[in-house]
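The structure appears right after this line, and notes come after that.
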């Protein structure tokens, strides 16, 4: 259940906020999630990214990346196994969660990244808001696992997953 949330969080993590007079790439990511109605928290790993962030001209930035579904972890082995199964995330047929930005803009102190999240073969638009602190970007978004065919609870509104992304940034050499 929470694993669905984690996977969604990881895909969202591929966006990066703006900083002045610099360009950067994402070198490392920590993605966590919470399946709100059950209070289940977890992480997802296997992060890969080809994102390029232009802090001087955010609209020239691209955020693209993925995470591995089999890395979904809720600190409960049986739950992890269940979430990775065909009933929920279906890690065998859909091994990666993917995100690709469609637009990046600056709003006040935030970078707003809009893009497409693909989970379990279903693509939906999402928005991730990032704040830059030093050489890191911290982002957050929320999705409903129900919209991606992952129905932990019967009602859509009971399938809310909050996702937090923490990216370490590297300047190109």
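What follows is calculated from the coordinates using simple rules that are stated; it is not laboratory data. Quick caveat, the model's predicted, so the values are computed rather than measured. Backbone-built Cβ (ideal geometry, glycine too); neighbour counts: all protein chains shown.
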Extended-chain gain in nm, criterion 0.36 nm per residue less alpha-carbon gap, residue 122 and residue 156: 10.7 nm
Normalised contact order of the stretch 92-136, rounded percent, pairs of Cα under 8 Å and 6 or more residues apart: 32 percent
Packing-based exposure ordering (other Cβ within 10 Å, fewest first) of 113, 104, 40: 40, 104, 113
Inter-site label distance for residue 147 and residue 92 at 7 Å from Cα along Cβ, in nm: 2.9 nm
Histogram of C-alpha separations across the stretch 118-173, 10 Å bin width, %: 21, 38, 26, 13, 2
Helical contribution to [θ] at 222 nm, DSSP H n ≥ 4, -39,500 (n - 2.57), averaged over the chain, rounded to 500: -3000 deg cm²/dmol
As computed over the stretch 24-101, the Cα convex hull volume per residue (Å³): 109 Å³
Listed residues 86, 68, 39, most fluctuating in the chain (Gaussian network, C-alpha, under 10 Å): 39
Computed label-point distance, nm, for sites residue 57 and residue 23 using a 7 Å Cα→Cβ extension: 1.0 nm
Degrees, to the nearest 10: 2-12 long Cα axis against longest axis of the chain: 20 degrees
Fewest-first sequence of 110, 49 by Cβ atoms within 10 Å of each Cβ: 110, 49
Relative contact order of the stretch 2-170, defined on C-alpha pairs under 8 angstrom at six or more residues apart (%): 30 percent
